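As structure tokens, the structure follows; a few thoughts come after it.
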């Protein structure tokens with residue numbers, strides 16, 4: 001059997017690298033509070049919303065907020081942090097006014113991330129709104145460049161997240177993400193893998209064949225060097241459903257075996273990973289999910 005594309009160049013030491021797992025955390029009470037919360041569950045990776053993800057209007061990060069966040073990060077140990085851009089942003093929209101609003105919102109998110117020394121912003125690529133995937137991908141690539149230029153930032157990367165494929169959303173097919181990323185003029189744009197989205201989109205992560213198909217798609221269309229971050233979520237819906245519903249680890253259609261396979265994949269386990277699973281203020285669900293993931297990673 002021919003060697004898989006994604007296995008080429010795999011380093012032997014990567015097989016033994018410990019995983020860095022954490023969770024998305026609330027910033028209620030202040031951005032620095034997310035650091036306190038991730039420390040409560042012994043997380044080693046974090047994702048936050050720098051501002052309300054369902055509102056267009058967002059204030060800049062103040063010097064005081066940035067100082068408190070930096071102090072908390074230093075206390076935590078300077079582990080990986082990403083921000084997630086607003087769900088309202090749609091760079092693929094054919095409506096120029098709506099698109100301009102989205103470009104501005106992304107530019108402002110990049111500025112906030114840079115103010116907080118956050119290296120990556122995760123972004124849903126958007127929807128083509130009935131105009132077709134090719135035109136949609138072209139619009140997204142153009143507007144990513146516009147947002148980056150408008151922001152005046154240079155150090156923050158944009159990670160496009162694969163989607164479940166609901167409606168006219170782009171990025172359920174990894175080839176679409178690759179088309180966008182390759183149309184961008186530099187390596188500032190990369191990929192964030194969401195396991196629940198990939199499963200719902202048709203990459204059946206419950207089995208070895210679906211896992212291999214996903215890895216091959218990323219290697220062929222995006223490049224493993226552009227994959228920088230992972231959302232670890234089980235899926236409430238079956239493979240190919242194209243419905244985005246997150247479940248606790250092992251409780252959905254990916255299952256324990258699927259996550260064990262993902263966590264033992266040498267090209268994935270070197271990347272930071274976070275949960276986006278349901279939880280309450282006690283964080284007991286995060287503790288349970290993280291304990292299971294650590295158990296599976298150690299097997």
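The values are calculated or read from the model by the stated rules, or taken from the named source; none is laboratory data. For clarity, every value in this text was computed on a predicted model and none was experimentally measured. Note: ideal-geometry Cβ built from the backbone for every residue, glycine included; neighbour counts use all protein chains shown.
Below is a table of values for the structure above.
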| quantity | calculated |
| --- | --- |
| The one condition in (1) in contact with a strand residue (DSSP E or B) (Cβ under 6 Å, 6 or more places away or on another chain); (2) assigned to a loop (DSSP other than H, G, I, E, B); (3) closer than 15 Å to residue 259 by Cα that residue 163 fails to fulfil | (3) |
| Filter result for residue 225 (out of contact with any helix residue (DSSP H, G or I) (no Cβ under 7 Å at 6 or more places or on another chain), within 22 Å of residue 188 (Cα to Cα) and in a helix (DSSP H, G or I)) | yes |
| All positions within segment 21-38 that are under 20 Å from the mean Cα position of the chain (by Cα), in a loop (DSSP other than H, G, I, E, B) and under 15 Å from residue 283 (Cβ atoms) | 25, 26, 27 |
| Matching entry among 78, 18 (being at pLDDT below 95 and at positive phi) | 78 |
| Meets criteria (within 28 Å of residue 66 (Cα to Cα) and in contact with a strand residue (DSSP E or B) (Cβ under 7 Å, 6 or more places away or on another chain)) for residue 122 | yes |
| Condition check for residue 270: at negative phi and in contact with a strand residue (DSSP E or B) (Cβ under 7 Å, 6 or more places away or on another chain) | no |
| Test: residue in segment 195-211 that is at pLDDT below 95, surrounded by fewer than 24 Cβ atoms within 10 Å (Cβ to Cβ) and either touching a helix residue (DSSP H, G or I) at 6+ places or on another chain (Cβ under 8 Å) or under 28 Å from residue 97 (Cα atoms) (or both) | no |
| Residue match in segment 46-69 (condition: more than 17 Å from the chain's Cα centre (by Cα) and within 17 Å of residue 274 (Cα to Cα)) | no |
| All positions within segment 253-272 that are more than 27 Å from residue 119 (Cα to Cα) and part of a helix (DSSP H, G or I) | 255, 256, 257, 258, 260, 261 |
| Matching residues, segment 273-292, being surrounded by 23 or more Cβ atoms within 10 Å (Cβ to Cβ), in contact with a helix residue (DSSP H, G or I) (Cβ under 9 Å, 6 or more places away or on another chain) and either part of a helix (DSSP H, G or I) or free of Cβ contacts under 8 Å to residues at least 40 places away in the same chain (or both) | 286 |
| Index of the failed condition, residue 213 passing every other in (1) without any contact (Cβ under 8 Å) to a residue 24 or more places away in the chain; (2) closer than 19 Å to residue 87 by Cα | (2) |
| Verdict on residue 112 being out of contact with any strand residue (DSSP E or B) (no Cβ under 6 Å at 6 or more places or on another chain) and modelled with pLDDT of 95 or more | yes |
